[in-house]
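> Please find one structure pasted underneath; my questions will follow.
The values are calculated or read from the model by the stated rules, or taken from the named source; none is laboratory data. Everything numeric in this text was worked out from a predicted model, so none of it was measured. Methodologically, a virtual Cβ is constructed for each residue, glycine included, from the backbone with ideal geometry; neighbour enumeration extends over all protein chains shown. The accessibility values were calculated without ligands, DNA or RNA, using every heavy atom of the protein model including side chains. Shrake-Rupley method; radii C 1.70, N 1.55, O 1.52, S 1.80 Å.
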Amino acid sequence: MKTLVFGKTGQVAQALAERLPNAIFLGREEADLSVAGQCRAMIQHHMPGAVINAAAYTAVDRAEEEEALATRINGDAPGEMAQACAALEIPFLHISTDYVFDGSGEHPWQPEDPTGPIGAYGRSKLAGEAAVRSSGPQASILRTAWVFSSQGQNFVKTMLRLAETRDRLTIVADQFGGPTEAGDIADALIVMRDRMLSDPSVSGVYHFAGQPSVSWAEFATEIFAQAGMATQVEAIPSSAYPTPAKRPANSRLDGTKTTQDFGIDMPDWKRSLSRVLRQLEDQHAT
C-alpha cells in the first residue's frame, strides 16, 4: 500500500520519512500548495492508498501580513487534497493546531469545543479543517501543539543555541501547552492511517500533545536541566514579549478521544525530550 505525504523538509515530514521509507514525499518543488490544482493532480498521478498532509504555512507572525497566502496553503490546499482522496475512497490525514482555539480558560481543549482563532495563522488552519471535514467520511484531522525535534527550527534548538552565549534567558510563563515531539506525531499518524485503512468508518477530529502541560518557561527549564546547562530562566508575562501575532494562553489539548479510537496514549514529553537531546548530541559528534 503506497502512502503519499505532502511535505518533505518539515519536522513531522522528516520523522515520517524515517518510518515510511517506501512512501512518496512531495516538497514544494513537486507540489506547490499555493498553486490551485497541484495537490489534486499529484494525488491523481500517484494513485496512493492513503494521503497524509504534513505541509503547512507555519510563519505565525508573518501570516498577519500574508493571510491570503496562508489561507491558500493551510485552507484551500488541504480541502483540495481531501476532495481528491474522497473521490478515490482512500484515507486522508491532516495535521492541524491548537491555534484554532482562542486560548481562554485553563482546562484542556476537547476536539468538539467551539473554535475561535485569535490570529491569521489560526484562521487559515481552521479554514483547512472546515474544508477537510466537508470532503467526506474518510478524513481525519490531528490537532497538535508545540512541536519539537532534532530537525528544523523549534523551541528546543533555539533554547540550546541561546544558552551557549547567555547565562540567563527571559521566557514567557503565562502560555501553557503540551510540548510534542515530531516522531511521536509521526507514530500516531501511522497508527491512525492503518486503523482507517482497516475500518473506513473511523474519522473525525482528534488531539495529540505531550503530557503534562507546562509553560514555555517550565519547558525551557527542563531543556537546560536535561542538557546539563547552567542557564537560568526568568519567567515573564506575554505582555513583556510582544509579537505581531497574539499567541493562545491555553494550548492544552485533551487526547482522550484519540486514545479511545486508536489506542494511542499521549506521550511523556520529558522522555521524548531526552531522546531528541541524544539525537542532537549524535549529530554534533559526527
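> Note down all Cβ pairs under 8 Å where the first residue falls in the stretch 4-16 and is farther than 10 Å from Asn53 by Cβ, the second is open to solvent by 10 Å² or more (accessible area, probe 1.4 Å) and part of a helix (DSSP H, G or I), and they're at least six residues apart or on different chains.
Hits for this filter: Lys8/Gln14; Lys8/Ala17; Leu16/Ile190.
> So, one more: Is it the case, given these coordinates, that Ala182 is closer than 28 Å to Glu65 by Cβ, in contact (Cβ under 8 Å) with a residue 60 or more places away in the chain and in contact with a helix residue (DSSP H, G or I) (Cβ under 8 Å, 6 or more places away or on another chain)?
So Ala182 passes the test.
> Being assigned to a helix (DSSP H, G or I) and over 16 Å from Asp98 (Cα atoms) is the requirement here; does Thr243 meet it?
no
> On to the next question. Every residue in the stretch 97-147 that is of a type in the set (S, T, N, Q) and either open to solvent by less than 30 Å² (accessible area, probe 1.4 Å) or in contact (Cβ under 8 Å) with a residue 24 or more places away in the chain (or both), please.
Residues satisfying the conditions are Thr97, Ser104, Gln110, Ser124, Ser134, Ser135, Gln138, Ser140, Thr144.
> State whether one or more residues within the stretch 222-229 are open to solvent by less than 60 Å² (accessible area, probe 1.4 Å) and assigned to a strand (DSSP E or B).
no
> Residues Ala31, Ala77: which one is more than 26 Å from Glu112 (Cβ to Cβ) and in contact with a helix residue (DSSP H, G or I) (Cβ under 7 Å, 6 or more places away or on another chain)?
Matching residue, one of Ala31, Ala77: Ala31.
> Test Arg123 against the criterion of being at pLDDT 95 or above, under 24 Å from Glu65 (Cα atoms) and either basic (Lys, Arg) or not in a helix (DSSP H, G or I) (or both), and give yes or no.
yes
> Any idea which of Ile223, Ile236 is modelled with pLDDT of 95 or more, closer than 27 Å to Gln14 by Cβ and of a type in the set (A, V, I, L, M)?
Result: Ile223 is the single residue among Ile223, Ile236 that is modelled with pLDDT of 95 or more, closer than 27 Å to Gln14 by Cβ and of a type in the set (A, V, I, L, M).
> Another question, if that's okay. Read through the list (1) in contact with an Asp or Glu (Cβ under 9 Å, 6 or more places away or on another chain); (2) farther than 17 Å from Ile141 by Cβ; (3) crowded, with 18+ Cβ neighbours inside 10 Å, then give the number of the only condition that Met192 fails.
Result: Met192 passes all but (2).
> Name every residue in the stretch 200-218 that is part of a strand (DSSP E or B) and crowded, with 24+ Cβ neighbours inside 10 Å, in order of residue number.
Residues satisfying the conditions are Tyr206, His207.
> A further question on this structure: Got a sec? Which of Leu160, Leu197 is within 21 Å of Val5 (Cβ to Cβ) and in a helix (DSSP H, G or I)?
Selected residue: Leu197, the only one of Leu160, Leu197 that is within 21 Å of Val5 (Cβ to Cβ) and in a helix (DSSP H, G or I).
> Would you please name the residue that is nearest to Ile118 (Cα to Cα), looking only at residues in the stretch 234-264 that are open to solvent by 40 Å² or more (accessible area, probe 1.4 Å) and in contact with a helix residue (DSSP H, G or I) (Cβ under 6 Å, 6 or more places away or on another chain)?
That would be Pro244.
> Ok, one more. Residues being touching a residue at least 24 places away in the same chain (Cβ under 8 Å) and over 13 Å from Ala145 (Cβ atoms): count how many of those fall in the stretch 234-252.
Within the stretch 234-252, residues that are touching a residue at least 24 places away in the same chain (Cβ under 8 Å) and over 13 Å from Ala145 (Cβ atoms) number 11.
> Okay, moving on. For the stretch 167-189, name all the residues that are of a type in the set (Asp, Glu) and surrounded by fewer than 24 Cβ atoms within 10 Å (Cβ to Cβ).
Passing the criteria: Asp167, Asp174, Asp187.
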